[in-house]
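Written out below as structure tokens is the structure these notes cover.
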Amino acid sequence: METSQTRVFPARFDVLAAVSEFVVQAAASAGLDESAAYAVQMAVDEAFTNIVEHAYGGEDRGDVECTCRAGPEGLTVILRDFGQAFCPECVPEPNLSACIEERQPGGLGLYFIRQLMDEVHFEFTSDSGNVLTMVKLKSP
Amino acid sequence: MEVSTKRMKNCSVIEVSGRIDSATAPQLAGALKALTDDGIFKIVLDMNGVEFTSSAGMRVMIDVQKKCNQFGRGDLVLAAVPQRVMEALELGGFDMIFRFFDTPVEAVGSFV
């Protein structure tokens, strides 16, 4: 059986703790273990932060709709915003082996999202906004 | 998130607990900056009570480490890092940039 819950959060950093609580509870409902739940928490935090910073260009400029679908295979988290679209392929991967002086600050959030989740899909439309779908599967 | 600073003879210890995310990372950055502004570049970050760290927190740590390495011949070392936070730091390649200690006491001892 699949259960689905949606909450709308203002695009602000001070709601990140509440967003985390929402997705961690959904992860528990989906039967994810602690490690997988932490991965979901981190991926969603990074994605939400990217929406505030890049899609909306700052805090309090819109909302983020967060849907969690717990199913037999794991958890799907969908974040929808109505800010600017971006090109995920254009974000360079961070060079993790670079020495400290050469480490660049950008790109780490998207890198974490891709590493931590099993499926990541971006969709940008003019009418239904930017939709990021992330799936975390249950451990076999 | 809660942050407290203890200034000692050979180094300073910042004890941080709770969540380090984009909302709270500036508070941690402020505590670290207060030390580096005073010329203190040997710093222990006691992470025992940290529940979660996003890349925003990691960026703060890396910025301070750069400053410690460049200006003060110092070091920002991490102590008592919880397992999940450690896994995230490793995923981001931060295990190559910081020294890690099991306890803050051992971390402080490394500066003697």
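To the nearest whole number, what is the average tally of beta carbon atoms from other chains within 10 Å of the beta carbons of peptide B:90-96? Before the final figure, lay out the partial values.
On the way: counts 1, 8, 7, 8, 4, 1, 6.
What the average comes to for B:90-96 is 5.
Pop out the carbon and sulfur fraction of the accessible area of the protein assembly as shown as a percent, whole number, probe 1.4 Å. All intermediate terms of the calculation are to be shown ahead of the outcome.
Numbers: 5770 of 12030 Å².
Answer for the protein assembly as shown is 48 percent, counting heavy atoms of protein chains only.
To the nearest 10 degrees, how steeply does helix B:25-37 sit against the main Cα axis of chain B, on a 0 to 90 scale?
Result, in degrees: 10.
Would you check the protein assembly as shown for Lys pairs whose C-alpha atoms are within less than 19 Å, ignoring same-chain pairs closer than 8 in sequence, and give me the count?
Counting lysine pairs in the protein assembly as shown gives 9.
Net charge near A:Ser35: determine it from the other residues with C-beta under 10 Å of the C-beta of A:Ser35, scoring Lys and Arg +1 and Asp and Glu -1.
Numbers: positive: B:Arg84; negative: A:Asp33, A:Glu34, B:Glu87.
Residues near A:Ser35 contribute -2 overall.
Top mean-square fluctuation among B:Met47, B:Met61, B:Met96, Gaussian network model of chain B, C-alpha springs under 10 Å?
Among B:Met47, B:Met61, B:Met96, the largest mean-square fluctuation in the Gaussian network model of chain B belongs to B:Met96.
Would you calculate, for chain A, the mean residue ellipticity at 222 nm contributed by helices, counting each DSSP H stretch of 4 or more residues as -39,500 (n - 2.57) and dividing by all residues, to the nearest 500?
On the way: 3 runs with 40 residues, N = 140.
So the helix-based figure for chain A works out to -9000 deg cm²/dmol.
I'd like the mean, over residues of B:62-70, of how many other protein chain beta carbons sit within 10 Å of each residue's own Cβ.
Values: counts 4, 2, 0, 2, 3, 0, 1, 3, 2.
Average neighbour count from other chains, rounded to a whole number: 2.
Students often check this: by mean Cβ neighbours within 10 Å, which of B:36-46, A:107-117 ranks highest, and how do the rest follow? Could the numbers behind the result be given before it?
Values: B:36-46: 19.3, A:107-117: 20.8.
Ranked by mean Cβ neighbours within 10 Å, highest first: A:107-117, B:36-46.
Less than 12 Å Cβ to Cβ from B:Val112, Lys/Arg counted +1 and Asp/Glu -1: what total charge do the surrounding residues give? Could you put the intermediate results ahead of the total?
On the way: positive: B:Lys9, B:Lys42; negative: B:Glu106.
Spelling it out: positives minus negatives among the neighbours equals +1.
What is the Å³ per residue value for the convex hull set by the Cα atoms of chain B? Walk me through the numbers before you get to the answer.
On the way: hull volume 9.4 nm³, N = 112.
Convex hull volume per residue, Cα atoms: 84 Å³.
Output wanted: per-residue J couplings in Hz (rounded whole) for the range B:74-84, from phi through Karplus 6.51 cos²θ - 1.76 cosθ + 1.60, θ = phi - 60°, x for Gly and Pro.
x, 7, 9, 10, 10, 10, 6, 6, x, 4, 5
Could you tell me what fraction of 2.2 N^0.38 Å the Cα radius of gyration of the protein assembly as shown comes to, as a two-decimal ratio?
1.05
Counting only heavy atoms of protein chains, what accessible area per residue, in Å², does chain B have with a probe of 1.4 Å? Mind dumping the intermediate values first?
Numbers: 5000 Å² over 112 residues.
That works out to 45 Å² for each residue.
Just want to confirm a number: the relative contact order over the range A:3-137, from Cα pairs under 8 angstrom separated by 6+ residues, in percent.
Working: 237 pairs, mean separation 36.7, N = 135.
Over the range A:3-137, the number comes to 27 percent.
Within 10 Å of each Cβ in A:43-56, how many Cβ atoms from other chains are there, averaged over the peptide?
Details: counts 1, 1, 8, 5, 0, 3, 7, 2, 0, 1, 2, 0, 0, 0.
Rounded to a whole number, the mean comes out at 2.
Quick one: which bits of the range B:17-42 get at least 10 Å² less accessible when the partner protein chains are in, versus the chain alone, with a 1.4 Å probe?
Going by heavy-atom accessible area, the residues of the range B:17-42 that drop by at least 10 Å² are B:Arg19, B:Asp21, B:Ser22, B:Ala23.
Given springs between every Cα pair under 10 Å in a Gaussian network model of chain B, which of B:Leu76, B:Leu32, B:Leu91 has the largest fluctuation?
With Cα springs under 10 Å in chain B, the top fluctuation among B:Leu76, B:Leu32, B:Leu91 is at B:Leu91.
For the interface of A with B, what's the total buried accessible surface in square angstrom, probe 1.4 angstrom, rounded to the nearest hundred? Before the final figure, lay out the partial values.
Numbers: alone 8070 and 6080 Å², together 12030 Å².
For A against B, buried area totals roughly 2100 Å².
The values are calculated or read from the model by the stated rules, or taken from the named source; none is laboratory data. As the structure is a computational prediction, the values presented were derived from the model and not from experiment. Reconstructed Cβ throughout: ideal geometry from the backbone, glycine too, with neighbour counts over all protein chains shown. These area figures cover heavy atoms from the full protein model, side chains too; ligands, DNA and RNA do not enter into them. Shrake-Rupley method; radii C 1.70, N 1.55, O 1.52, S 1.80 Å.
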